[in-house]
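Okay, structure first, notes after.
Just so it is clear, none of the values below were taken in a lab; they were calculated from the coordinates. As the structure is a prediction and not an experimental result, all values here were calculated from the model. All Cβ positions, glycine included, derive from the backbone under ideal geometry; neighbour counts span all protein chains shown.
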């Protein structure tokens, strides 16, 4: 119960931050870009430390073998294409949608409103589920 409350709280904070940053796209891009680069720098640093170890880690994290096994892993998990091409590009191509640059401001606002409505419905459903779980746990105790 505590874990779901924490996750729910963090989701709400994340949604609020995204909403605020979406009004300042340059700042959003800068903050996001820096954080992504620092995240991957951390991953790179860990991989370098593992590559310097003796034994199996040195082999697994060496140049060509690293590329091969990570590519296979990305292909098997379905992430390879979506990461390098982008989900949005794939889906818009399949649906014959306009790109974001081609959409009018009114279309973007309508999409934004629809997404906000959907998120609100999901939040209500999550709250209802929590209430139902709570009611069930109370009925089992009593």
- Task: Counting only C-alpha contacts under 8 Å and six or more residues apart, can you give the relative contact order of the chain as a whole percent?
- Result: 6 percent
- Item | Rounded FRET efficiency, nearest 0.05, which uses the C-beta distance separating residue 1 from residue 118 and R0 of 35 Å | 0.85
- Query: Fully extended, how many nm does the chain gain between residue 57 and residue 83 (0.36 nm per residue separation, minus their Cα-Cα distance)?
  - Reply: 6.8 nm
- Virtual spin-label span in nm between residue 106 and residue 26, 7 Å along Cα→Cβ: 2.9 nm
- Task: Determine the shape class of the range 1-55: with a ≥ b ≥ c the square roots of the Cα gyration tensor eigenvalues, call it rounded for a/c under 1.5, and otherwise prolate if a/b is greater than b/c, oblate otherwise.
- Result: oblate
- Can you pull the Kirkwood radius for the chain, inverse mean 1/r over Cα pairs, to one decimal in Å? 20.0 Å
- Share of alpha-carbon pairs per 5 Å distance bin for the range 103-142, given as whole %: 6, 22, 13, 14, 10, 9, 9, 6, 6, 3, 2, 1
- Two pseudo-spin positions, 7 Å from Cα along C-beta at residue 135 and at residue 34, lie apart in nanometres by 4.8 nm
